[in-house]
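Encoded as structure tokens, the structure appears first; notes follow it.
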Amino acid sequence: FNIGDDFFDNAWIEKTSSTELRDGLGPLFNNNACQDCHVRDGRGFAPGDAGSETENRFSTLIFKAVKTDITPEQREKMLNGTMGSVGDSGAGGQLQQEAIFGIQKEANFAVSYTYEKITFDDGFEVELRRPQWRLENNYAEQGYDFDSDTLFSPRVAPPMIGMGLLELISQSDLMTKHDPDDSDNDGISGKLNTVWHVLKNSTDVGRFGWKAGQPSVRQQAAGAFNGDMGLTSSIFPVDGCLEHQIDCREAPNGNGDSVRDYDFEVSDSVLDSIEFYGRHLAVPIRRKADDNDVLAGKKLFFDAKCDSCHSERFTTAEDPDLPELSNQTIYPYTDLLLHDMGPDLADVDIDNNPGSAEALTEYQATAREWRTSPLWGIGLTHNVNPDATFLHDGRARTIMEAVLWHGGEAEASKNAVLKFDATERSHFLAFLMDL
């Protein structure tokens, strides 16, 4: 655990340094340390409002880039879980705004916000901010600008807690929530994402990431090393340099071999430690679970049918290699399923227009679908990182803002919340702050 913590906390460096154990950063990357995105193992943040300390800071946010005008064969592979997505031809599947010395950065980011108010039935107003993303491809002058059909998916780093417990929820238990065609006519059509498990060499249930695109803690970690930091491993042995990124392709790897024979920059032993660390980060204890206001808020949560997606309870399966995580009754408040959250929260094109409910962006997840975020620990978010923000793109500054952005399948629950009076709002937030 401590070794994993060390590799999670400390910066990786480029090959030109004398340090060999954690070298090979880049050539293109988003950040150079896991902890710098998952601040204190917690949430990242979107850039702040104009004049704030976090204005134009993109250190904990990435952009996925996915073509949607794909061939029938590519679409079939995404639907059957053998291919995750088709990346933009000019920038690949993820935009990187940092590079090692001497390498051209791939993209530049900027954001501005427009503000709007939403009103409760009793007249109480909450201000929401809507992001307007501006993305610049630094290879455009060479003829490699973004494809016209590409959708961009901004994503802040999620909290790391409880991942080992979520990994041990059985597939059969998750299947009890799986209802892609809304066969029970309750307005909720959550679905499991079927993804490719590299080590099993087969498809599996997606559990991790904003669109449930990774099946295991190990693969999630290796994917972050590869996509966010440009580090290779036995799971993802090739970095993201494209054919036209010549300087990137010719840069030395972690072994100092510009031919790139891929003796992996993240060794299996380091990945072992990172996996152990990620699995065993504990969930905080509830502070006032029996408080009357908290219990009143819990009832409101269930009355609004928030639990239709944020499922309260599971029991983890038996794993002889992980006895400390096995057979545990857990309260994550998630079903780990994909749900359509409506156009306001959808992936967007270069002009910030929302993608459609049919456009696949990560395996079976569409532009408008997101994995239900676990709510455990949410009340301590700003204790961990005062700058943290909520939702996949970090637009929400408060928990209530996040609730009021819900649409699509969650529209009815949001409308139920909008009927709360001041006392009910207080109780509702008291419950969420205690999780």
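The values are calculated or read from the model by the stated rules, or taken from the named source; none is laboratory data. Not measured: the values here are computed from a predicted model. Cβ atoms come from the backbone with ideal geometry, glycine included; neighbour counts cover every protein chain shown. SASA here: full protein model, heavy atoms, side chains in, ligands and nucleic acids out. Shrake-Rupley method; radii C 1.70, N 1.55, O 1.52, S 1.80 Å.
When you take every Cα atom in the range 152-209, what is the radius of gyration, and what is Dmax, the widest Cα pair distance, in Å?
13.9, 38
Would you kindly state how much longer the chain becomes between Thr71 and Arg249 on full extension, computed as 0.36 nm times their sequence separation minus their alpha carbon distance, in nm to one decimal?
61.3 nm
Which value, in Å², gives the accessible area per residue of the range 396-435 when a 1.4 Å probe is used on the protein heavy atoms?
Value for the range 396-435: 35 Å² per residue.
Considering only Cα-Cα distances, which of the following residue pairs are longer than 19 Å: Lys117/Lys305; Lys177/Lys305; Lys77/Lys191?
Check vs 19 Å cut-off fails for Lys117/Lys305.
In whole angstrom, how long is each semi-axis of the equivalent ellipsoid of the chain, when you take the square root of 5 times every eigenvalue of its Cα gyration tensor and sort them from largest down?
34, 25, 22
Can you give the convex hull volume of the alpha carbon atoms of the range 83-242 per residue, in Å³?
Residue-normalised Cα hull volume stands at 198 Å³.
Taking DSSP loops as anything outside H, G, I, E and B, show the longest stretch in the chain free of chymotrypsin sites (Phe, Trp or Tyr not before Pro) there with at most 15 other beta carbons within 10 Å.
Here the longest run is 125-435.
For the range 353-435, give the percent of accessible area contributed by carbon and sulfur heavy atoms, probe 1.4 Å, rounded to a whole number.
Using a 1.4 Å probe with all protein chains present, the range 353-435 comes out at 56 percent carbon and sulfur.
Of the heavy-atom accessible surface of the range 8-91 (probe 1.4 angstrom), what whole percent is carbon and sulfur?
46 percent
Which of the lysines could a cross-linker span from Lys64 if the Cα-Cα distance has to be under 17 Å and same-chain partners fewer than 8 positions apart are dropped?
Reachable lysines: Lys105, Lys211.
For the range 1-64, what D do you get in µm² per second when you plug the Kirkwood radius from alpha-carbon pairs into Stokes-Einstein at 25 °C and 0.890 mPa s?
185 µm²/s
What is the magnitude of the charge dipole of the range 198-299 about its Cα centre, with +1 placed on the Cβ of each Lys and Arg, -1 on the Cβ of each Asp and Glu, and no other charges, expressed in debye to the nearest 20?
In debye, rounded to 20, the range 198-299 gives about 940.
On full extension of the chain, what length is gained from Ser170 through Ser202, given 0.36 nm per residue of separation minus the C-alpha to C-alpha distance?
Value of the extension gain: 9.8 nm.
Taking the Cα centre of the range 136-257 as the origin and placing charges on Cβ (Lys, Arg +1; Asp, Glu -1), which of Val198, Ile188, Gly162 is farthest toward the positive end of the dipole?
Gly162
What Rg and what Dmax come out for the range 153-257 when only alpha-carbon atoms are used, in angstroms?
Both quantities, over Cα of the range 153-257: 17.5, 59 Å.
If I model a spin label as a point 7 Å beyond the Cα along the Cα-Cβ vector, how far apart are those points for Arg286 and Lys419 in nm?
2.5 nm
Quick one: dipole size for the chain, taken about the Cα centre, charges +1 on Lys/Arg Cβ and -1 on Asp/Glu Cβ, in debye to the nearest 20.
It works out to roughly 660 debye.
At most 15 other Cβ atoms within 10 Å and a DSSP loop assignment: could you name the trypsin sites (Lys or Arg not before Pro) in the range 403-435 that fit?
Counting only loop positions with at most 15 other Cβ atoms within 10 Å, the trypsin sites (Lys or Arg not before Pro) in the range 403-435 are Lys419.
Give the carbon-plus-sulfur fraction of the accessible surface of the range 121-279 in %, rounded to a whole number; probe 1.4 Å, heavy atoms of protein chains only.
Carbon with sulfur: 47 percent of the solvent-accessible area.
Once you have the Kirkwood Rh of the range 235-379 from its Cα pairs, apply Stokes-Einstein at 10 °C and 1.306 mPa s and quote D in µm²/s.
Rounded, D is 79 µm²/s.
Label points 7 Å out from Cα along the Cβ direction at Asp307 and His382: separation in nm?
The answer from the label model is 2.8 nm.
What cysteines in the chain have no other cysteine with a beta carbon less than 4.7 Å from their beta carbon?
Cys34, Cys37, Cys306, Cys309
Go through the range 1-78 and name the GluC sites (Glu not before Pro) that are in a DSSP coil and have 10 or fewer other Cβ atoms within 10 Å of their Cβ.
When the GluC sites (Glu not before Pro) of the range 1-78 are filtered for loop state and at most 10 Cβ neighbours within 10 Å, Glu53 remain.
Report the one residue of Phe8, Val348, Gly84 whose Cα lies farthest in the direction of the positive end of the charge dipole of the chain (charges on C-beta: Lys and Arg +1, Asp and Glu -1; origin at the Cα centre).
Phe8
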